[in-house]
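Structure record follows, encoded as structure tokens.
No value in this document is a laboratory result; all are computed from the given coordinates. In this text, all values refer to a predicted model and were calculated from it rather than measured experimentally. A quick note on method: Cβ atoms are made from the backbone with ideal geometry, for glycine too, and the neighbour counts reach across all protein chains shown.
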Amino acid sequence: MEPPSEPKVKDPSIPNRMVSNKTANRPFLAHKEYQEKQKQLHEAWLERKKIRDEKIARGEEVGPEEKDPTAQEEVGVLGLLKFFLYMIIFIALAGKFITGSYTWDYQGKWLQLKTYLPGNQRLFSERLLAEFDGNKPGRPIYLAIDGDVYDVTKGKAYQPGGSYHILTGVDAARAFATGCFKDHRTYDLRGLSDKELDSIDHWKKFYSEHKDYFKVGRVSHPPIDPASPIPEHCDPKKAAKSQQVSNKEIPGKQPKDAQKDRNEL
Ligand code: HEM
């Protein structure tokens, strides 16, 4: 039962029926009212269109064609693009307001145009790579790790006299695992532990994600003679340990995945 105080209005869906104007019914009634108005607008537009068409048929002059005021605008690709553009502007402004930076203080490589331009990826020989060790003025500085060659010119540590200059112009992947910067300037990863190989992966990720360093290609290495001795660790204690590990190694087994894509570009 409806409370007697609620005023009644015509039910827009069933003729000759009255319904209460209570709060719960209002959205439905408002929607029906909107639909009714749209219908009237559409019919009025149809009428005007008809008159216009008749005028055209009679050869009379007519004004520009009127758009149906009730036609639903399609969102489409352009609408979506607009939406994303507004979102980006909103996020950038919010960043400026909250952090003082349009990019929310992010300065990584994904905001640099260079990341999206197809770079000049080259295949280096070891000899060519050595030309980019920073000792030739005006040339960029490159280093390689597990076959990937990076431009590290922007890193101070790689300039001549810098603490990591020794890693430039060469694939010293082993040194990244062992810290033997002088003795392990080699891509030979035989006998390294999983932990050491993980640290190579760590540094590979470091270079690939670094905002100032860019991959410039791959270096091709000659295959390692399995009969050649495994490079010794520069720390005698660790040398003894790795000796034990390599004695246990199955001949021909490659350590983890760090060595797997060695010669791919
Ligand atoms: C396995 C051992 C280690 C490896 C592979 C290694 C590797 C590196 C690399 C590749 C960088 C350069 C990062 C860049 O491009 O900005 C670096 C920076 C640095 N490392 Fe090491 N590091 C090792 C151990 C150490 C140790 C033991 C110390 C401390 C005595 C140290 C102190 C530093 C410092 C101070 C920097 C910053 C240098 C600069 O930007 O000028 N590292 N390290």
Revision key, fill the gap. Residue span residue 42 to residue 6: 0.36 nm per residue of separation minus Cα-Cα distance leaves a gain in nm of 9.7 nm
Practice item. Give the residues of region 199-237 whose amide nitrogen is closer than 13 Å to a point set 7 Å from the Cα of residue 125 in the direction of its Cβ. Key: 220-222
Check your understanding: Using alpha-carbon pairs under 8 Å, 6+ residues apart, how would you state the relative contact order of region 119-248 in percent?
Key -> 28
**Study point:** Relative contact order (%) - the chain, alpha-carbon pairs under 8 angstrom, separation at least six
**Key:** 14
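Ranked highest first by average number of other Cβ atoms within 10 Å, how do 173-186, 155-168 line up?
Top to bottom by mean Cβ count within 10 Å: 173-186, 155-168.
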Check your understanding: In percent, how large is the relative contact order of region 29-140, given Cα pairs closer than 8 Å and 6 or more residues apart?
Key -> 12
Review point. Where a Cα-Cα gap under 27 Å defines reach, which lysines qualify for residue 10, not counting those fewer than 8 residues away within the same chain?
Key: 22, 32, 37, 39
Point to revise | Estimated FRET transfer efficiency when R0 is 30 angstrom, pair residue 92-residue 164 (beta carbons, to 0.05) | key: 0.25
Practice item. Report the residues of region 90-119 in range of a label on residue 209: point 7 Å along Cα→C-beta, backbone N strictly under 20 Å from it. Key: 103-116
Point to revise | Helix 236-248 axis, angle to the chain major axis (alpha carbon atoms, nearest 10°) | key: 80
Point to revise | Cα long-axis angle, helix 76-99 against the chain (0 to 90 degrees, to the nearest 10) | key: 60
Check your understanding: Comparing 206, 28, 84, which has the greatest mean-square fluctuation in the GNM of the chain with Cα pairs linked when under 10 Å apart?
Key -> 28
Exercise for review: Treating the angle as unsigned and between 0 and 90°, give the value, to the nearest 10°, between the Cα long axis of helix 26-58 and the longest Cα principal axis of the chain.
Suggested key: 80
Check your understanding: What order do you get for 60-67, 32-39 when each peptide is scored by the mean count of other beta carbon atoms within 10 Å, highest first?
Key -> 32-39, 60-67
Revision key, fill the gap. Quick calc, residue 201 & residue 107: beta-carbon distance into FRET formula, R0 25 Å, rounding 0.05, result 0.55
Study note, to complete from the structure: The lysines whose Cα lies under 17 Å from the Cα of residue 211, excluding any fewer than 8 residues away in the same chain, are 109, 114, 154, 156
